[in-house]
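Participant: This is the structure I want to talk about, given as structure tokens.
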Amino acid sequence: MRKALILIILPHLLSCVREFNPVIIGTDETYLAGEGVFILNEGNFRSGNGSLSFYSYDSLKMFNNVFQDKNNRPLGDVPYSMGMDGGKAYILVNNSGKIEVAGWNDMKSITTIKKIVSPRYISFIGGTKAYVTSLYSDSVTILDLTANSVSGFIDLKKSSEAIVTLSTRAYAASWAGGNKVMVINTMTDEVIDSIEVGIEPESMVIDKNGTLWVFCN
């Protein structure tokens, strides 16, 4: 009986999905309001066909190619991660060596920060600056968020991946063949310590108690 019941209900569910048409190319008025989640699509390496989607919790619709729809140009080659600060979205496009800055609620381009070596992740400090990690550089790039430009570098002497910030400390994981988390003083932009962890620390998070959790590949 249970299997028969599933077979009877399933066609109705599928027909509802087909009629609902949940996937939309571009944006419409429902994208601009309500809550949802952005999804980065990396695309094919060196093909420059990465894109950005938005899934709306309210309309249950998936909006594809929202950056390209608003700006009439592709996002780039391997959009890898994205951060939000001050009403702006910072999209790190790894193989294109750039950061696209856009309004988070409409995805209209504000500026493009270029010549960033293999950007991976971004962490915001005090609303005025941010740190950007790099897979192929030994330095963390410092961004001036007021001017949306590069203001300096922090020499780690190793590549970096995940980065998180707590108070006056930033923690940058050395992933590719590494086993350390570098500790940066965000007031002086200097490396002040390192924490030895497992091989290839790749992801990190700070919980509500201020404890740093490190996931090692």
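Laboratory data are not the source of any read-out in this text; all were calculated from the coordinates shown. Since the structure is predicted, the reported quantities are computational estimates derived from the model, not experimental observations. Using ideal geometry, Cβ is built from the backbone for each residue, glycine included, and neighbour counts are taken over all protein chains shown.
Participant: Can you give the Rg to Rh ratio of segment 117-217, both from alpha-carbon atoms, with Rh computed by the Kirkwood formula?
Facilitator: Reported Rg/Rh, Kirkwood definition of Rh: 0.94.
Participant: Which FRET efficiency value, to the nearest 0.05, do you get for N148 and K208 by plugging their Cβ-Cβ distance into 1/(1 + (r/R0)^6) with R0 = 35 Å?
Facilitator: Rounded to the nearest 0.05, the efficiency is 0.70.
Participant: Top mean-square fluctuation among V181, V197, V66, Gaussian network model of the chain, C-alpha springs under 10 Å?
Facilitator: Sorting by GNM fluctuation, first place goes to V197.
Participant: Still on this structure, I have one more. Can I get the semi-axes of segment 143-198's equivalent ellipsoid? Compute them from the C-alpha gyration tensor as square roots of 5 times the eigenvalues, in angstrom, largest first.
Facilitator: 21, 13, 10
Participant: Taking the number of other C-beta atoms within 10 Å as the exposure measure, put L92, L135, L60, L143 in order starting with the fewest.
Facilitator: Ascending number of Cβ neighbours within 10 Å: L60, L135, L143, L92.
Participant: A follow-up question, please. Tell me the trypsin sites (Lys or Arg not before Pro) within segment 117-217 that lie in a loop according to DSSP and have at most 15 other beta-carbon atoms within 10 Å.
Facilitator: Loop-located and lightly packed - K157, K208.
Participant: In degrees from 0 to 90, rounded to the nearest 10, what is the angle of the helix 2-20 Cα long axis to the longest principal axis of the chain?
Facilitator: Between helix and principal axis, roughly 80 degrees.
Participant: Can you tell me which lysines have their Cα less than 21 Å from the Cα of K129? Leave out same-chain residues fewer than eight positions away.
Facilitator: Straight-line reach from K129, under 21 Å: K88, K98, K114, K115.
Participant: Over the Cα atoms of the chain, each weighted equally, I'd like the Debye log10 I(q)/I(0) at q = 0.10, 0.13, 0.15 Å⁻¹, rounded to two decimals.
Facilitator: -0.52, -0.79, -0.97
Participant: While we're here: With an 8 Å Cα cut-off and a minimum separation of 6 or more residues, compute the relative contact order for segment 167-217 in percent.
Facilitator: 29
Participant: What trypsin sites (Lys or Arg not before Pro) in segment 27-92 are in a loop by DSSP, with at most 12 other Cβ atoms within 10 Å of the Cβ?
Facilitator: Counting only loop positions with at most 12 other Cβ atoms within 10 Å, the trypsin sites (Lys or Arg not before Pro) in segment 27-92 are R46.
Participant: Another one. Only helical DSSP H runs with n ≥ 4 go in: add -39500 (n - 2.57) per run for the chain, normalise by residue count and round the 222 nm mean residue ellipticity to 500 deg cm²/dmol.
Facilitator: The helix contribution divided over the chain gives -3500 deg cm²/dmol.
Participant: Volume per residue, Å³, of the convex hull around the alpha-carbon atoms of segment 23-125?
Facilitator: 94
Participant: With an 8 Å cut-off on Cα pairs and a minimum separation of 6 or more residues, tell me the relative contact order of the chain in percent.
Facilitator: Contact order relative to length: 9 percent.
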